[in-house]
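Report on the following structure.
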Amino acid sequence: MPKLIIVGSGITGLITALKYSGDVIILEKNKIVANNSKASLWSIIPPLCSNHREDCEKGMRFYEEICEKYGIYCKKTHILRVSSKKIGGKIVDRKEIRGLEPQLNIEEAEFFENGLFVEGDELFSILETEFNIKSNSEVTDILVKDNEIKSLLTSKGEVKGEFYIFATGYLTPKLFSKLGIEVNLFKGHLIITKKTSLNGILIVNDRIAVEGKKLYLNGDSKQNSSMTIDYDEISKTINEIGRVLKIDTTNLEIRVGFRSVSKDREPIVKKIYSNAILITGYRFGFALAPVLAEKAIQMIKYGH
């Protein structure tokens, strides 16, 4: 297999490297690898994947295999969703809910049986040791001749490969706006607090809670590129989930992350030069990363 340069060490970049059976170098702008992906909820919720439900289920199977192979904590579990807008789940009453989640104070919810949670920090800690990741290597220029990338100029010098995959996430607009590729940055927060014995995945009016080593809360998503914490959104998430589940708010950890969402909200896996592919654009990037990575590798192998 030809030498592959991957730009971006988030979940999509790491899984692409994992699936690629060849020489790989990963370039990462930040000193802290996968900064953006570490603000994800690390869950797959197929009922929210719309027309990509089958791909989300493929992603679930991939993560289950990875968790088993590397000893990473993950759990396949039920989903309880509380909202006036139903999406086709089985309606369960208080008694059934208490059988699943004794501590929840809910009269009625939608029930789905096929959610998956992966302990994200464990996943990244293991995958980061598998590959040659050059941190603090920001791409400053892309040298192209006759529609072929000849090399990348980075803050640590010139890098050459035979193929290039850009899993650049929130840096995509900066790098590729001149190619007519438009993505919008959507900001969200991951809230981390003490465990509360939540068994499954809980969704309350589109705010989400799931438990691994700690309790993780998420769900806000607004078009915004500021790294500052939006405490109004933090309060909304805590208040929504807090209506049905007791949350310890004494010592919260808050992470800010961004999703690069295409104009039509569909994932982008596109050949942008004869030897370069861009992967981005989907708001549930963690869920679809295994599928999108596989598509990009097939494009390298077969040219389409």
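The values are calculated or read from the model by the stated rules, or taken from the named source; none is laboratory data. Being a predicted model, the structure only gives us computed values, none of them experimental. No Cβ is skipped: glycine too gets one built from the backbone with ideal geometry, and neighbour counts run over all protein chains shown. Just the protein is used for accessible areas: all its heavy atoms, side chains included, with ligands, DNA and RNA removed. Shrake-Rupley method; radii C 1.70, N 1.55, O 1.52, S 1.80 Å.
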- the range 108-120 - residue that is among the charged types (D, E, K, R) and at pLDDT 95 or above and, of those, surrounded by the fewest Cβ atoms within 10 Å (Cβ to Cβ): E108
- Query: Is it the case that E233 is open to solvent by less than 40 Å² (accessible area, probe 1.4 Å) and either out of contact with any strand residue (DSSP E or B) (no Cβ under 9 Å at 6 or more places or on another chain) or not aromatic (F, W, Y) (or both)?
  - Reply: yes
- Can you tell me which residue among L143, L152 is over 30 Å from K222 (Cβ atoms), assigned to a strand (DSSP E or B), in contact with a Gly (Cβ under 9 Å, 6 or more places away or on another chain) and open to solvent by less than 70 Å² (accessible area, probe 1.4 Å)? L152
- State whether the residues of the range 44-66 include one that is over 23 Å from L123 (Cβ atoms), open to solvent by less than 70 Å² (accessible area, probe 1.4 Å) and assigned to a strand (DSSP E or B). no
- Item | Scope the range 159-192; condition buried (at least 19 other Cβ atoms within 10 Å of the Cβ) and either free of Cβ contacts under 8 Å to residues at least 12 places away in the same chain or among the basic types (K, R) (or both); matching residues | K187
- Message: Of the residues L80, L116, L153, L100, only one is over 19 Å from T16 (Cα atoms) and in contact with a His (Cβ under 8 Å, 6 or more places away or on another chain); which?
- Response: L100
- Item | Options I247, I272, I241; residue that is crowded, with 16+ Cβ neighbours inside 10 Å and touching a Ser or Thr at 6+ places or on another chain (Cβ under 7 Å) | I247
- Task: Considering each of K85, K95 in turn, give the residue that is part of a loop (DSSP other than H, G, I, E, B), out of contact with any strand residue (DSSP E or B) (no Cβ under 7 Å at 6 or more places or on another chain) and without any contact (Cβ under 8 Å) to a residue 12 or more places away in the chain.
- Result: K85
- Test K213 against the criterion of being among the basic types (K, R), at pLDDT 90 or above and surrounded by fewer than 22 Cβ atoms within 10 Å (Cβ to Cβ), and give yes or no. yes
- Message: So, in the range 187-237, exactly how many residues are part of a loop (DSSP other than H, G, I, E, B), within 16 Å of T249 (Cβ to Cβ) and basic (K, R)?
- Response: 3
- Message: Among the residues of the range 51-62, are any free of Cβ contacts under 8 Å to residues at least 12 places away in the same chain and in contact with a Pro (Cβ under 8 Å, 6 or more places away or on another chain)?
- Response: yes
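Looking only at the range 163-188, which residues are among the aliphatic types (A, V, I, L, M) and modelled with pLDDT under 85?
If the condition is that a residue be among the aliphatic types (A, V, I, L, M) and modelled with pLDDT under 85, then L171, L175, L179, I181 are the ones that fit.
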- Task: Go over the candidates I241, I201, I191, I234 one by one and state the one that is closer than 22 Å to C74 by Cβ, at pLDDT 95 or above and over 17 Å from the mean Cα position of the chain (by Cα).
- Result: I241
- Message: Within the range 70-85, take every residue that is of a type in the set (D, E, K, R) and modelled with pLDDT of 95 or more and give me the one that is surrounded by the most Cβ atoms within 10 Å (Cβ to Cβ).
- Response: R81
- Checking T12 against (1) open to solvent by 20 Å² or more (accessible area, probe 1.4 Å); (2) closer than 16 Å to E130 by Cα; (3) touching a residue at least 60 places away in the same chain (Cβ under 8 Å); (4) out of contact with any Gly (no Cβ under 7 Å at 6 or more places or on another chain), which single condition isn't satisfied? (4)
- The lone exception for K222 - which of (1) free of Cβ contacts under 8 Å to residues at least 60 places away in the same chain; (2) in contact with a helix residue (DSSP H, G or I) (Cβ under 8 Å, 6 or more places away or on another chain); (3) crowded, with 17+ Cβ neighbours inside 10 Å it fails: (3)
- Query: Within the range 257-264, can one find any residue that is at pLDDT 90 or above, open to solvent by 30 Å² or more (accessible area, probe 1.4 Å) and part of a loop (DSSP other than H, G, I, E, B)?
  - Reply: no
